[in-house]
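In what follows, a structure is listed as structure tokens, so that the remarks can point back to it.
No value in this document is a laboratory result; all are computed from the given coordinates. Source: prediction; values computed, not measured. Virtual Cβ from ideal backbone geometry, glycine too; neighbours counted across all protein chains shown.
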């Protein structure tokens, strides 16, 4: 009996670790699925930079058509991996990709996109990360599928891939 309690605690801990090791971190559930996208008002990163204050956009500016909202940064390794696919996707015209530059310096992202190309229309600036927090962003890159009514349908964690696009995202955009 003296050893039963420690063995039971050890067995429970081993069970928790085994379950945790078998979970895919890219499938973390989002409480926002099926709900309206969080409200935001963010400045537009003009590319190239123009004089004067940048315009501000809100979530209401995107109601009426489905979009992908991609949180990214120039310092993000996963963003570099997904960027060529996002460029091809943007060029295909299948969906508008709204970029949210997350906790990044304007000059850095301008330089980064200047070298790699710009798949975003538009790029919004979330310098302090508050909008990312409201959307439940754990880290970049993360992509949200938002329908024409402004409802979040899906959250993709990590670099976007052709497989994720075909299997998880594209079917959501062709639904009536």
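With a ≥ b ≥ c taken as the square roots of the eigenvalues of the C-alpha gyration tensor of region 26-173, please select rounded if a/c is under 1.5 and otherwise prolate if a/b is larger than b/c or oblate if it is not? In terms of gyration-tensor shape, rounded.
For residue 61 and residue 35, the FRET efficiency from 1/(1 + (r/R0)^6), where r spans their Cβ atoms and R0 equals 22 Å, is about 0.70.
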